[in-house]
Amino acid sequence: MSTTTAALEPVFTFLSYSYATLETSFYKIPGSHVIARYVRSSHQNDPGRTVLEIMLFIFAVRTLLQSRTRADHSGKHFIKFDEKEINDLVEEWSPEPLAADLTPHEQAELAAVPVISGPTGPKPKLITGKTVLNLASYNFTGLAGNETINEKAVEVLRKYGLGSCGPPGFYGTQDVHIQLEKDIADFLGTESAILYAQAFSTIPSVISAFSKRGDIIVADRGVNFAIQKGLQISRSTIRWYDHNDLHSLEQVLESVERERRKKNLPLTRRFIITEGIFDHDGLISDLPKLVELKNKYKYRLVLDESISFGSVGRTGRGLTELFNVPATQVDMLVGSVATGLASGGGFCAGTCHVVNHQRINGTSFVFSAAMPAMLAVAGSEGINILRNTPSILTTLHENVRAIRAILDKVDAITIPSHPASATIHLHARIPSPTHLSPNAPPSPSLSSSGKLSNPLSVIPRDPPYYDYDLEEKLLQDVVDECLAQGVMVTRSKTLRKQELAEVRPSIRLAVTAALSRKDCEKAANVIKAACTKIIGKRR
Amino acid sequence: MPSPNSRGTSSPIALIPASPTASLFRKKSPSAMSTAASYLSAVSQADARARKLTDADSTTSTPALSLSSSVTSSSADTILNETSFHANDDGLSYPKVPPTSEQVFQTVHSEFGHCGNGSFRFNSGHQKGEPLKGVEEQEPPHFVLLTTYLSYLLLIILGHIRDFVGKRIRPAAYKHLMNQDGYMALNSDFDSFYTRRLKMRIDDCFSQPTTGVPGRTILLLDRSSPDYNLTYVPTGTRTRALNVSSYNYLGFAQGSGGCADAVEESINKYGVAACGTRLEAGSLDLHVQTEALVARFIGMEDSLISSMGFATNSTIIPALVSKGCLVISDELNHASIRFGVRLSGANVRMFKHNNMEALEQLLREVISQGQPKTHRPWKKILLIVEGLYSMEGTLVNLPVILELKKKYKFYVFIDEAHSVGALGPHGRGICDYFDINPRSVDILMGTFTKSFGAAGGYIAGNKNIIDRLRVSGHTGTYTEVMTPPVLTQIMASMASIMGVAVPQDNKSVVPAHVLAYPGPAPSTALPTWMPLVPAMIDGSDGKMRLRRLAFNARYLNRALRRLGFITFGHDDSPVVPLLLFNPGKMPVFARLMRTRATPIVVVIVAYPATSLITSRVRFCLSASHTKEDIDTLLTACDEIGDLLDLKQAIGERWPLKEIMDRAVEIVNMKEMP
Ligand SMILES: Cc1ncc(COP(=O)(O)O)c(C=O)c1O
């Protein structure tokens, strides 16, 4: 017995010695005293907590180590198989086809898409040989095909080639990109702006650059698909308010604040996200009121002006010009160079901090090539033209009024869009068996008078009733009829199963300043006749 | 000068006949004529000047650090004009060795280098049946590892000290990082620590503004920072530098030449914009034609194009997989793939980069286990890999993947962003490289940004799949269409690589076997108005580009290793990462390169794009580089490598001179020991 103790003596001394060295060297690490003091005092207060904390620490280390190539082996759901069983299972498994074949309906829809032969513009020629009036393409200010822009483009081609051949961080930033960013910022009156290579990919990247897990986003129920994707990728906490209903917004903001106070939650980043002119129906947001609310509740405002930039306001600066609100009041103002300036790409304007943050954290900015120099210059030139020719926007708005004057009176359709919007959506008006007047656009008074919708769900409390398939079919027939009569319009296409909430089928007109008032009236009359003929017949 | 016809148009070294030849469909536009004419005269001037320079070379040592110029000229000959009043012996704007009188090059040397030596060519391709062997990844010596970790530690500690002091002394500078009056900071000091305290130190090596064509050389707009890289002010000068950074594999970034002429024609005809989405009246005939040509180029039934490469992944993957499906993804896949997969709602499992055993292991596990918790079988499994990894230079092991595919029945999606055009004897990408039928892969995705000098991306596959993606992908419904100039650049550059089959007389059609993959494009597939030069029609232009790129890639990869550097990737990869390890060496390397007598711009990459210790510099080669350019780069690497102690690899080393002399031999060796 004693011999074993004696034999173990050196081991004990070694152990105690190494413990001592460990302790002293631990205390030599800067900050170790703090940790030791913390552990000691927390142990004193609650010994259980130490155990808990150690477990948490081990767990954290474990997840960190495992996060990359996580294997489920140890999970309780893991079933152990031997090699033969695995082979059998592999043999047995048969996957679904990679993609489902198109249904006849989808095939017909794809085949019905018009293809333009030659340049697009107000009166393009289709591959069928027919020349049509174009109320479908986004060419609000008629910049497509502009001679000055084309000349500039050729000049740029000879100087820069076409592609930028690299992401902005790696020598893809050219002086023309910097120039367009500056032009946009100057045009809108913000400190700075950042360019993305594609408009659709802009806002998901903007949202996810700022809003992370745990942050709060209050969004409109009717936001477009790109924003929906941004919300999804950001993994933030989402609260919904009724479509374009700022009363509902205020209630949601109030409830979020109440919840925060009640649960004593820490401050997080909070954003209101909505659109200037809604892609789904052409409604216009009440910007002054939005700004008032966001300042009151201390939110940041992300405004998607993809449709409104280049189509409303005296010179096309968008919603901020329309409502005379300084663009600096919008924290992140997102717009489309492709739609607004008939070029390519998108932008986000804001303060220098907002913009510079995206230069490092905007996924589709960092990991994608900068846009071709030519498109950047076309954008700059577009802004130049808009600045110097306010008559373009006047013409556009006159055309909108002329078309509305005719279509507003058509019984077979309802128009949810704001009278100033250059996109005009037409809904089919069909009496339905269940509701008496189900087709009225969702009016603020309706939803706010009753009980609140659930802010956790994108579906409002009283979703409007309509027959999706029937309306879609009728509207497509109207589109086909118009095309036969020489007017190109399009249904507003949406991915029905992928949109968070179903979007009511509509025909979307994109008015352009490049058509004369007479042509616009002519086109509107064709649409009117087609609607009356096809939808009216059903009534 | 001998008659151009005597040389023939399919000369392997692709010297283009001097006389401007009539285009296929149309007379050459006057503007192109004048460009060619002015170019010829400029070349002869250059000739004379270069002769003078080589004579004087030994006596004068010109600093030639930067080509500063305050002149802005908008003519097509900017580059020639600009340098014409500058002594220039850096070989960037004019060849160091003047062309002989028989050699007439039709490219601007600064965009696409003049290289008449036919032995500096190679065919990219993999020996069938051989296993794919990469360079074995060498571990750096321990002291390099140790100092690397210590450097990061030091940087982090210093950063915290600076923050600690800074917050007390200059609170205003930290205001935007702090919560204030009820707003949480957009970017807290903790979240942005890495950016502010580590990246900021080397920020001058990123986002350098440039101008002009990002071709063989690039014109940097010089800048300086008065406040340690917080802000920059342009100095007004410009520096022309050798460009081994842009993704310009086949050298199609050009402001002159066949593709640019075609694009100019398209602008005159179509304008710049197409306005709208594909399914909502944004479709032009050009889109339909381009999609058909892309499908033919890739060798698939059908294809679909999108105006942004990133968005091709992020908007199409959600239409392929959804909840109940599994995506198996290489751990080093591009951000756009991750973005798309995250949006799709499918489960994701990652496997170790390019490790086929790990992949098989994982496949066995996931198929046998089924979906988590429920153990229901997966609806489908999609393997997503890249053809050529842009940070690693590794090629995907496609033969093994296709073996596994037979057994495990998963679908294969290959992102060919960097491999299409850059690999394979016909430039058709990774399948061409391995001589594999592209249709044995389910989906081939790629971008036009890299090899074609354009923008955007494509997806190619069976017609039923592509039609499904047209209808259900986000691209067709929501994203703006590709613009006409971009479409034209794609078609012209593809036609250039493929060659064009013209029917002998007007009635006969080109027989199908001639057009079979990887054959030429039928002239009917191209717009009738598109001007084509003879070198594009017979495919000699494309072939020359492919072969020059293959030579350059192999030469640089092997030469760097012979010099003793640790590199990653495969010998045939035009992306060449050279390992630096130490974070402190990154900016020094980049700055030394940029301030050499012949400035060179490089891309440096560090954590988080790579692992913490494998900081690297990445060279992207191009067909537009000449052998002399690679030699210039090697000389620079050699000198800086000695200075920074970068030559850590074990194995045989050769002196630089010997490597440069035996370049052809090095490239043609079947395997370099
Ligand atoms: C593998 C991969 N996929 C997609 C992309 C995105 O392409 P683009 O720059 O055309 O948006 C890149 C570009 O860096 C890439 O490397």
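The values are calculated or read from the model by the stated rules, or taken from the named source; none is laboratory data. Nothing here was measured: the structure is a model prediction, and the numbers come from that model. All Cβ positions, even for glycine, are placed from backbone atoms using ideal geometry, and neighbour counts span all protein chains on display. Ligands, DNA and RNA are stripped out before the accessible areas are found, and what is left, the full protein with its side chains, is counted by its heavy atoms. Shrake-Rupley method; radii C 1.70, N 1.55, O 1.52, S 1.80 Å.
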- [ ] Mind telling me which of the residues A:Thr103, A:Thr131, A:Thr120 ends up being in contact (Cβ under 8 Å) with a residue 24 or more places away in the chain and open to solvent by less than 70 Å² (accessible area, probe 1.4 Å)?
- [x] A:Thr120
- [ ] Considering every residue within the stretch A:320-337, establish whether at least one is at positive phi, more than 16 Å from the ligand (Cβ to nearest atom), within 14 Å of chain B (Cβ to nearest Cβ) and not in a helix (DSSP H, G or I).
- [x] no
- [ ] Can you tell me which residue among B:Ser245, B:Ser192, B:Ser256 is facing chain A (nearest Cβ under 9 Å), in contact with a Cys (Cβ under 7 Å, 6 or more places away or on another chain) and among the polar types (S, T, N, Q)?
- [x] B:Ser245
Task: Residue, farthest from the ligand (Cβ to nearest atom), within the stretch A:172-197, restricted to residues that are touching a Phe, Trp or Tyr at 6+ places or on another chain (Cβ under 9 Å) and within 7 Å of another protein chain (Cβ to nearest Cβ) - done: A:Gln174
TODO: State which residue is least open to solvent (accessible area, probe 1.4 Å) when the search covers only the stretch A:243-264 and only residues that are over 25 Å from A:Ser208 (Cβ atoms) and not in a helix (DSSP H, G or I).
DONE: A:Asp245
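Residues are listed down the side, and each one gets a yes or a no for (1) in contact with an Asp or Glu (Cβ under 6 Å, 6 or more places away or on another chain); (2) open to solvent by 10 Å² or more (accessible area, probe 1.4 Å); (3) within 14 Å of another protein chain (Cβ to nearest Cβ):
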site: B:Leu469; (1), (2), (3): no, no, yes
site: B:Pro484; (1), (2), (3): no, no, yes
site: B:Gln489; (1), (2), (3): no, no, yes
site: B:Met498; (1), (2), (3): no, yes, no
site: B:Ala535; (1), (2), (3): yes, yes, no
Task: Single unsatisfied condition, B:Lys199 versus (1) more than 9 Å from chain A (Cβ to nearest Cβ); (2) closer than 17 Å to A:Thr173 by Cβ - done: (1)
Task: Tabulated pairs, the stretch A:361-374, first more than 7 Å from every other protein chain (Cβ to nearest Cβ), second among the charged types (D, E, K, R), C-beta under 9 angstrom, 6+ apart or interchain - done: A:Phe365/A:Arg359; A:Val366/A:Arg359; A:Ala373/A:Lys159; A:Ala373/A:Asp175
Task: Count - residues of the stretch B:609-627 that are open to solvent by 50 Å² or more (accessible area, probe 1.4 Å) and touching a residue at least 40 places away in the same chain (Cβ under 8 Å) - done: 2
Task: Odd one out for A:Cys482 among (1) farther than 25 Å from A:Lys125 by Cα; (2) open to solvent by less than 20 Å² (accessible area, probe 1.4 Å) - done: (1)
Open item on the list: Restricting to the stretch A:180-223, and then to whatever is touching a strand residue (DSSP E or B) at 6+ places or on another chain (Cβ under 6 Å) and not aliphatic (A, V, I, L, M), can you tell me which residue is surrounded by the fewest Cβ atoms within 10 Å (Cβ to Cβ)?
Closed with: A:Glu181
- [ ] Inspect the stretch B:218-238 for any residue being at the interface with another protein chain (Cβ under 7 Å from one of its Cβ atoms) and within 30 Å of B:Gly476 (Cα to Cα) and give the result as yes or no.
- [x] no
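Having 1 or more residues that are away from the ligand (no atom under 16 Å from the Cβ) and at the interface with another protein chain (Cβ under 8 Å from one of its Cβ atoms) is the bar; report the strands (runs of 3 or more DSSP E) wholly within the stretch B:277-372 that clear it.
Once the strands (runs of 3 or more DSSP E) in the stretch B:277-372 are filtered for at least 1 residues that are away from the ligand (no atom under 16 Å from the Cβ) and at the interface with another protein chain (Cβ under 8 Å from one of its Cβ atoms), what remains is B:347-351.
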- [ ] Hey, can you tell me all the residues within the stretch A:291-307 that are surrounded by 24 or more Cβ atoms within 10 Å (Cβ to Cβ) and either among the basic types (Lys, Arg) or touching a residue at least 40 places away in the same chain (Cβ under 8 Å) (or both)?
- [x] A:Tyr299, A:Val302, A:Asp304, A:Ser306, A:Ile307
Open item on the list: Quick check on this structure: which one of B:Asn243, B:Asn248, B:Asn268 is more than 16 Å from the ligand (Cβ to nearest atom), at pLDDT 90 or above, over 30 Å from A:Ser492 (Cα atoms) and open to solvent by less than 10 Å² (accessible area, probe 1.4 Å)?
Closed with: B:Asn243
Open item on the list: If I ask for residues that are open to solvent by 10 Å² or more (accessible area, probe 1.4 Å) and not in a loop (DSSP other than H, G, I, E, B), which ones from the stretch A:409-432 would you list?
Closed with: A:Thr414, A:His427
- [ ] Tell me which residues, restricted to the stretch B:452-467, are facing chain A (nearest Cβ under 8 Å), more than 16 Å from the ligand (Cβ to nearest atom) and among the aliphatic types (A, V, I, L, M).
- [x] B:Ile465
- [ ] Determine which single condition B:Pro140 fails, assuming it passes every other condition in (1) touching a strand residue (DSSP E or B) at 6+ places or on another chain (Cβ under 7 Å); (2) in a helix (DSSP H, G or I).
- [x] (2)
TODO: Any residue in the stretch B:646-671 that's under 17 Å from B:Thr626 (Cβ atoms): show its pairings with residues that are hydroxyl-bearing (Ser, Thr, Tyr) and part of a helix (DSSP H, G or I) at Cβ separation under 8 Å, as long as the two are six or more apart or on different chains.
DONE: B:Ala663/B:Tyr555; B:Ile666/B:Tyr555; B:Val667/B:Tyr555
TODO: Take the residues in the stretch B:567-588 that are over 16 Å from the mean Cα position of the chain (by Cα) and polar (S, T, N, Q), then tell me which one is least open to solvent (accessible area, probe 1.4 Å).
DONE: B:Thr567
Open item on the list: Can you find, within the stretch B:384-419, the residue that is farthest from the ligand (Cβ to nearest atom) among those that are more than 14 Å from every other protein chain (Cβ to nearest Cβ) and of a type in the set (Val, Ile, Thr)?
Closed with: B:Val400
Open item on the list: Are there helices (runs of 4 or more DSSP H) fully within the stretch A:341-408 with at least 1 residues that are away from the ligand (no atom under 16 Å from the Cβ)? List them.
Closed with: A:352-361, A:373-388, A:391-407
Task: Residues located in the stretch B:422-451, provided they are of a type outside the set (Lys, Arg) and within 12 Å of chain A (Cβ to nearest Cβ) - done: B:Val441, B:Asp442, B:Ile443, B:Thr447, B:Phe448, B:Thr449, B:Ser451
Task: Number of the exception - B:Met494 against (1) touching a helix residue (DSSP H, G or I) at 6+ places or on another chain (Cβ under 6 Å); (2) open to solvent by 10 Å² or more (accessible area, probe 1.4 Å); (3) more than 12 Å from chain A (Cβ to nearest Cβ); (4) not aromatic (Phe, Trp, Tyr) - done: (2)
